[in-house]
There are 2 protein chains.
Amino acid sequence: MANKYTLLKKDGLAKRAEFETVHGTVQTPVFMNVGTAAAIKGAVDTDDLKNIGCQIQLSNTYHLHVRPGDELVRKMGGVRKFMNWDGPVLTDSGGFQVFSLASLRKIKEEGVTFNSHVDGRKIFMGPEESMQIQSNLGSTIAMAFDECPPALAERKYVKASVDRTYRWLLRCRDELDRLNLLEDTVNRDQLLFGINQGAIYEDIRTEHADMISELDLPGYAIGGLAVGESHEQMYAVLDAVVPHLPENKPVYLMGVGTPANILEAVDRGVDFFDCVYPSRNGRHGHVYTKYGKLNLFNQKFETDDKPIEDGCQCPACSRHSRAYIRHLLKAKEMLGMRLCVLHNLWFYNHLMADIRCAIDEGRYKEFKKECLEAYGTDTK
Amino acid sequence: MANKYTLLKKDGLAKRAEFETVHGTVQTPVFMNVGTAAAIKGAVDTDDLKNIGCQIQLSNTYHLHVRPGDELVRKMGGVRKFMNWDGPVLTDSGGFQVFSLASLRKIKEEGVTFNSHVDGRKIFMGPEESMQIQSNLGSTIAMAFDECPPALAERKYVKASVDRTYRWLLRCRDELDRLNLLEDTVNRDQLLFGINQGAIYEDIRTEHADMISELDLPGYAIGGLAVGESHEQMYAVLDAVVPHLPENKPVYLMGVGTPANILEAVDRGVDFFDCVYPSRNGRHGHVYTKYGKLNLFNQKFETDDKPIEDGCQCPACSRHSRAYIRHLLKAKEMLGMRLCVLHNLWFYNHLMADIRCAIDEGRYKEFKKECLEAYGTDTK
């Protein structure tokens, strides 16, 4: 048995679980740190991730396919060995990047033809290709290849797209089953998560959720959110969709989000999250604290000898002042970005630990309320 | 007594010594890691420096005066507290940067007027200003304010410049004596090192060395080398000048250099070095090894699963392959630069440790010969 999801506790709809994989056990709710090109942006190494309390990280199939190439990563023993990370890794399908980064896309039933954002060369990716690439990367969890239509796309387009995404899911499942049986596959226990789509059309979403749930996959994601719709629309979709996904499987809300988004989504039954906010904001000197977000470029921190957040034990707060980090950022010293990213990843991972603790202790609603009052609700 | 230089051993002209300061004892020969703007470029933190075996670091007076400002650094408790480094720090005088970075310079007996390279504003710096700034920075060792004439400048210009640099040294000494007596000075034990100049004119150099040696300062530097002359010219200057500096004081060769330069200079009696090569080269993927320098962008490292240097215990080599680091560099991930800089600083600091050991054991000539045969002589 290559994976096992154990629901330890429910508090309202919030789930506290553990997810066992061949690469280690993940305590959920969990935040996956984003290592797009097999590296966390901001000069953060995998041993830093350990110190931060990171349990699982995400890498991007599209980026690694384009550079250095998934065949190279396979030769190096897969993405985990390549970047020296012995915990679980989830790879996305490449679909989102194909639809957001690449140019001159052409979508057909077989898959998508597009131009690489690095060198412009023409690439074809369909469900089979995405599985083959992810199999080469040897991640713990592979994501199904899907189309992520714009949040506000027309109903007719979304319906046709979701139907195709379902057909693609069946092809992904068959192809990964085949790949996992091959002798020389990097990770023969690679797991497939299906992805629910449907933009903000709740009936399309729930019908699709019912269909993919029947496939009894190891986990399910909700995709196509945080791409232009309001937070209220996002929460409404979660309210509608999560009850249509199996309770005894991990639910992953892709690309989300702010601390407030995560707190709300956990309250609706979500287990897994990933988001570039902590690293991207960190690189711009925006740091999360229990009082809300600070912009360290602000002049008022010029001679502030306090840490980013008092009491924080992260590598930045335990050693450096706001004044010093502000100076580094202004002098464009990479160390400034590294310290802010380390702090933000620490903040996110420790928020998740606090969330797990609150669910364990049956006080999640109260915990969420306290956090939202302290942070505010929009701290992306 | 704020400092004490103890000559432990001589092996030919090579000196093995220890230099005690109020901020800790330095074992020499030593390489000072360059933290220009109170940060090591390449996202390297002061705790990384400790792991690398760094004993002392250098910060740049000109850069810190321009940004964030030495008054701010003083408010934050001095540069050591500001960047959280509890070992010794040497600050340069700002002179070299004034003459190399700033524009529209005007040199007078009082000092130099120039325009900031950051915002263009007009700044005046003379011996007193340089000492005041360095006093605000609170470094362990302050360098005298000097003019660094071009290596190939005309004799007449160099003579006049060196005479002025001598008069500036007297003013530096008097001003630092005054500042060290003030109640609210950050480091009242701040030491002054004089700087020998004279381009490649050996008679001007030795006469000047004799004059500054009589001042009985805590240490002496040789400046104005590695600025355009050949390596042979540099070594000839060292052959001429070092015997004119006191043997019982540290001798610091400023801004030098390649591993080969350091090996040759130690053999001529130099104690202290600093150079941007390891960090600058690291940021460009050029890494030092016992076999010579490697360019990790080279295609031949694409699937090379060996560390940068086999047997190396640095944070890069102990965790990552050449193939992975090459990928990071090509993908412009900051982590690639950080790993290469960490490796190079490790290489330099461990080279110095090996040099000290070889002198201790009376086999320095042999050690130098082995290294030069292994590295080649020009590995900047």
Only one of A:SER318, A:SER230 that is under 30 Å from B:GLY69 (Cβ atoms) and either surrounded by fewer than 18 Cβ atoms within 10 Å (Cβ to Cβ) or in the same structural domain as A:MET32 (by TED's automatic domain parsing) (or both): A:SER318
Report yes if some residue within segment B:65-82 is in contact with a Lys or Arg (Cβ under 9 Å, 6 or more places away or on another chain) and surrounded by fewer than 22 Cβ atoms within 10 Å (Cβ to Cβ); otherwise report no. yes
Any chance segment A:257-269 includes a residue that's assigned to a helix (DSSP H, G or I), acidic (Asp, Glu) and touching a Phe, Trp or Tyr at 6+ places or on another chain (Cβ under 9 Å)? yes
2 or more residues more than 22 Å from the chain's Cα centre (by Cα): qualifying strands (runs of 3 or more DSSP E) within segment B:121-235: B:122-125
Segment B:1-40 - residue that is among the small types (Gly, Ala, Ser) and assigned to a strand (DSSP E or B) and, of those, farthest from the other protein chains (Cβ to nearest Cβ): B:ALA14
Could you run through segment A:153-195 and say how many residues are in contact (Cβ under 8 Å) with a residue 60 or more places away in the chain and in contact with an Asp or Glu (Cβ under 6 Å, 6 or more places away or on another chain)? 1
Among the numbered conditions (1) assigned to a loop (DSSP other than H, G, I, E, B); (2) modelled with pLDDT under 95, tell me where B:PRO68 comes up short. (2)
When you scan segment A:336-346, do you find a residue that is surrounded by fewer than 20 Cβ atoms within 10 Å (Cβ to Cβ) and over 23 Å from A:LYS15 (Cα atoms), even just one? no
Kindly check whether there is at least one residue in segment A:90-99 that is of a type in the set (A, V, I, L, M) and modelled with pLDDT under 95. yes
Answer residue from segment B:360-380, given it is under 21 Å from B:GLY12 (Cα atoms) and in contact with a helix residue (DSSP H, G or I) (Cβ under 8 Å, 6 or more places away or on another chain) and is surrounded by the most Cβ atoms within 10 Å (Cβ to Cβ) among those: B:TYR364
How many residues, within segment B:329-352, are away from chain A (no Cβ under 14 Å) and either closer than 30 Å to A:ARG283 by Cα or in contact with a strand residue (DSSP E or B) (Cβ under 8 Å, 6 or more places away or on another chain) (or both)? 7
Determine whether segment A:238-251 contains at least one residue that is part of a helix (DSSP H, G or I), among the polar types (S, T, N, Q), in the same structural domain as A:ILE56 (by TED's automatic domain parsing) and surrounded by fewer than 24 Cβ atoms within 10 Å (Cβ to Cβ). no
When you go through A:TYR220, A:TYR201 one by one, which is the residue that is in contact (Cβ under 8 Å) with a residue 12 or more places away in the chain, in the same structural domain as A:ASN248 (by TED's automatic domain parsing), out of contact with any His (no Cβ under 6 Å at 6 or more places or on another chain) and over 18 Å from A:VAL30 (Cα atoms)? A:TYR201
Among residues of segment A:41-64 being assigned to a helix (DSSP H, G or I) and more than 12 Å from every other protein chain (Cβ to nearest Cβ), the residue surrounded by the most Cβ atoms within 10 Å (Cβ to Cβ) is A:THR61
If I go through segment B:299-328 residue by residue, how many of them are among the basic types (Lys, Arg), assigned to a loop (DSSP other than H, G, I, E, B) and facing chain A (nearest Cβ under 10 Å)? 1
Counting only residues that are away from chain B (no Cβ under 14 Å) and farther than 21 Å from A:LEU170 by Cα, how many does segment A:65-96 have? 3
Yes or no: A:ASN33 under 23 Å from B:LEU329 (Cα atoms), surrounded by fewer than 20 Cβ atoms within 10 Å (Cβ to Cβ), in the same structural domain as A:GLU129 (by TED's automatic domain parsing) and touching a residue at least 12 places away in the same chain (Cβ under 8 Å)? no
Go through A:ASP271, A:ASP304 for me and flag whichever is crowded, with 24+ Cβ neighbours inside 10 Å and either of a type in the set (D, E, K, R) or without any contact (Cβ under 8 Å) to a residue 60 or more places away in the chain (or both). A:ASP271
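The values are calculated or read from the model by the stated rules, or taken from the named source; none is laboratory data. Since we're looking at a predicted model, the values are computed, not measured. We place every Cβ from the backbone using ideal geometry, glycine too, and count neighbours over all the protein chains shown.
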